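Please treat every number below as a calculation from the coordinates, not as lab data. Computed from a predicted model, the values in this text were never measured in an experiment. Every residue, glycine among them, receives a Cβ derived from its backbone with ideal geometry; neighbour counts consider all protein chains shown.
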Amino acid sequence: MNKKITAFLDILGLDGPVMGLFYTDQIPESGITPKPMTHIDLLSPDGDHEINWSSCLLSKVRYARRKMCPAFFDKEHYGCLGAAFFTGFKPFYESFEPALISSGIQGQMQGERYVDCVDTGKRIYDSFKPPGADAAVLVIQPLDLFASGNRPEIVLLFPNRDSLIGLNALTVFVTGNPDAVKIPFGMGCAALVSWPRKFKRKGDRVAVIGGFDINGIKYFKKGEFSFAVSYDLFLQMVDAWPDSMVGTRAWKRLKKQ
């Protein structure tokens, strides 16, 4: 990792690797991937599909952060059906998912109560429209593993509260937009993958905060969030921090507390 990025992480108090995600047609030679499931092309919107509740994209990303290796996903190794949808491999959501985030299905599934009813859940799922996968494989890996000349689509950071204060201020400083930091609703993988990609495709220079999925919190350190930005915006933040609030005495006092 270059010295500028190292200084950026140090001033913000960010530990652990910076992660980058990209789509490719080449499977990494090593790393971690979910166990194979039914191939996406064999699933249909009206089908009753096998559900793997125990495999989560976030768990593989946590492993990749700890072991400094790639985590990768495709149409057969997607973890859960929700991740297949939010990573762009599956063009439809499952019929049970609006009920899952709302009132549940009596005798079958307890609702998570993020929204008030199934109709609201369906409206939200209809509005998601995650960008489709750009290639056969999604890879999420530390920036240090990117070969020279290669670059990620999205950069992922995992700040605690104080680091998040700095990142929030720095994003606004770089973009000049007081609404440049977003917390849209969605599962943990939506905050890591689909929302930042969706904003990037629209040309919006924004950051996406995640870590509010109650079922995904166990894959974060205590008090940790996710923070996703485009690679270009990340590089601008790395260059700009000395002139921003993060470069002031007030920030240094906060770090000492």
>> If I stretch the segment between LYS67 and ASP179 completely, what's the gain in nm (0.36 nm per residue apart, minus their alpha carbon distance), one decimal?
In response: 36.8 nm
> Between THR38 and ALA135, 0.36 nm times their residue separation minus their Cα-Cα distance comes to what?
Replying inline: 33.0 nm
> Farthest toward the dipole's positive end in the chain, which of MET37, GLY121, PHE96, given Cβ charges of +1 (Lys, Arg) and -1 (Asp, Glu) about the Cα centre?
Replying inline: GLY121
> Taking the convex hull of the alpha carbon atoms in segment 55-101, what volume per residue do you get, in Å³?
Replying inline: 76
> Got the relative contact order for the chain handy, in percent, Cα pairs under 8 Å and 6 or more residues apart?
Replying inline: 23
>> Can you order the peptides 193-206, 81-94 by their average number of other Cβ atoms within 10 Å per residue, highest first?
In response: 81-94, 193-206
> Taking a threshold of 24 Å on the Cα-Cα distance, which of the pairs LYS60/LYS222; LYS198/LYS255; LYS122/LYS221; LYS67/LYS256; LYS182/LYS202; LYS122/LYS222 fall above it?
Replying inline: LYS198/LYS255; LYS122/LYS221; LYS67/LYS256; LYS122/LYS222
> Hey, what angle do you get for helix 161-175 against the long axis of the chain, alpha-carbon based, 0 to 90 degrees rounded to 10?
Replying inline: 80
>> Taking the Cα centre as origin and putting +1 on Lys and Arg beta-carbons and -1 on Asp and Glu beta-carbons, what dipole magnitude results for the chain, to the nearest 20 debye?
In response: 1180
> Could you give the nm distance between label points at THR120 and LYS222, where each point is 7 Å from its Cα heading toward the beta carbon?
Replying inline: 3.2
> Hey, with R₀ at 30 Å, roughly what FRET efficiency would ASP232 and ARG253 work out to, going by the Cβ-Cβ distance, to 0.05?
Replying inline: 0.45
> Helix 231-240: angle to the longest alpha-carbon principal axis of the chain, degrees 0 to 90, nearest 10?
Replying inline: 20
> Can you work out D for the chain in µm² s⁻¹ from Stokes-Einstein, where Rh is the Kirkwood radius over C-alpha pairs, the temperature is 20 °C and the viscosity is 1.002 mPa s?
Replying inline: 113
